[in-house]
1. Between residues in segment A:145-174 that are polar (S, T, N, Q) and residues that are in a helix (DSSP H, G or I), which pairs lie under 6 Å by C-beta distance while being six or more apart or on different chains?
2. Can you find a residue in segment A:147-165 that is modelled with pLDDT of 90 or more, within 30 Å of residue B:98 (Cβ to Cβ), open to solvent by 70 Å² or more (accessible area, probe 1.4 Å) and within 8 Å of chain B (Cβ to nearest Cβ)?
3. For segment A:37-76, name all the residues that are basic (Lys, Arg) and surrounded by fewer than 22 Cβ atoms within 10 Å (Cβ to Cβ).
4. Mind listing just one residue for me: the one in segment A:34-53 that is more than 9 Å from chain B (Cβ to nearest Cβ) and free of Cβ contacts under 8 Å to residues at least 40 places away in the same chain and, of those, nearest to residue A:78 (Cα to Cα)?
5. I'd like to know if segment B:30-52 contains one or more residues that are within 22 Å of residue B:125 (Cα to Cα), more than 8 Å from every other protein chain (Cβ to nearest Cβ), buried (at least 17 other Cβ atoms within 10 Å of the Cβ) and modelled with pLDDT under 85.
6. Residue check, residue B:116 against (1) open to solvent by 50 Å² or more (accessible area, probe 1.4 Å); (2) within 16 Å of the chain's Cα centre (by Cα), all met but one. Which one?
7. Looking at segment A:10-27, which of its residues are of a type in the set (A, V, I, L, M, F, W, C), without any contact (Cβ under 8 Å) to a residue 40 or more places away in the chain and within 11 Å of another protein chain (Cβ to nearest Cβ)?
8. Go over the candidates B:166, B:104 one by one and state the one that is in contact with a helix residue (DSSP H, G or I) (Cβ under 8 Å, 6 or more places away or on another chain), within 25 Å of residue B:55 (Cα to Cα) and not hydroxyl-bearing (Ser, Thr, Tyr).
Amino acid sequence: MQQEDRKIFGKNPSKAEIEKRFHDLLSANGPALLRLARSYTKTTSDRDDLFQDIALAIWKALPGFRQESSERTFVFRIANNRAMTFLAQRGPATDPDADVEVPDPGLSPEAELSRDQEGVRLTQAIQILPIEYRQVITLMLEGLSYAEISGVLGIGESNVGVRLNRARQMLRRLLEDSAYERR
Amino acid sequence: MSDDEMEMWRKQWQGQPSVVVDLIRRVERETVEMRMVWFPFFAPAAVGAVATVLVALHPSLWGFLFILGLWLFGAFTLVFVKWNFKGAWTPQAETTAAYLELSILRCRRKLRDDRVGRVIAVLLPAFVLVGVLGGVYDLLKDAGALKTAGDYWIVAGTFLWTSLLIIGIVVFILFNQRRIRTKTQAELEYLLTLQQQLLREEGENMFG
């Protein structure tokens, strides 16, 4: 993979190579980026808008990518930065009193019922977290290591650990509170 | 706190349904549209070019001054845009803090762009209106079309309606700009608050 990357991200990648790499990047990371976008938005249309913002930002940055970091770090760094800008432009999604709506198009009522309810509750709780905690927890849930999260956010690994601990405490409390309310 | 908990959350998080294929196709279509970003600049340049050709065909001092004014406005706008957005294209470093600073800088430059834009939005149409109406008046007079008082009243009436229409368009543009300005100011405030929040968090973590 690294040798292939070196060939594609060499001095002057062709347009076709960039397009192919862009398509491959989105195919490989699309679901993760969509989940990340969901954690910053209230509705499906906002989520899709943010996803497009992220994807277009990756498209613009791709020709200049010279493997200073891994592809995953590159993609998630752009995603987090775009998400922050999106929040600034649209306002924060973290209104604890608002009903968070994340409907998926094309799902039948039966399919919606059988959908992972716990996953929805988890997303809703993450949407309430302050942004600095939301960033670390979503990246950790996507399987990034401390070093990778540090590279994405531009903070030290010890800082990642501190934020992650606080994020987990808050998230646990939110999930326990929502479980109690459902009884 | 255990890794089992994180593993459980990870499965819940990653197990959520996602529909991505259509979105990817939409994005790939938009990258083609992005290449047409320079089209909005072609229209004013084309108008300037056509006006230049017309004045060249029917030279007059008035026409020459009008064309000169048009191209000066155009040159000023280009130079201003280039200067205003200098240093606002890429972040200083590949860090969240640097991207945040870049977003804040872009907001500030957008607000500056708006302030200058408002002045141009008034001056340029006024200049064009005076130039075009003056030029049309000269043409009509040279062609001998303005013979009676009635002819002059018709021309005056047409000029008045044209002016009112242009003023209406300018007012609409300024009103729309005000909406964008308010949104940008809110965005800037949010970004500054976020920056302070992140800096405070960094400070707390550094000093325990």
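1. Between residues of segment A:145-174 that are polar (S, T, N, Q) and residues that are in a helix (DSSP H, G or I), the close pairs are A:150/A:157; A:150/A:160; A:159/B:205.
2. yes
3. Result: A:42, A:60, A:66, A:72.
4. A:53
5. There is at least one residue in segment B:30-52 that is within 22 Å of residue B:125 (Cα to Cα), more than 8 Å from every other protein chain (Cβ to nearest Cβ), buried (at least 17 other Cβ atoms within 10 Å of the Cβ) and modelled with pLDDT under 85.
6. That leaves (1) as the condition not met.
7. Matches in segment A:10-27: A:26 only.
8. Within the list B:166, B:104, the selection yields B:166.
The values are calculated or read from the model by the stated rules, or taken from the named source; none is laboratory data. Bear in mind the structure is a predicted one, so any value in this text is a computation, not a measurement. Quick reminder, even Gly has a Cβ in these numbers, built from the backbone with ideal geometry, and neighbours come from all protein chains shown. Surface accessibility is based on the protein's heavy atoms, side chains included, excluding ligands, DNA and RNA. Shrake-Rupley method; radii C 1.70, N 1.55, O 1.52, S 1.80 Å.
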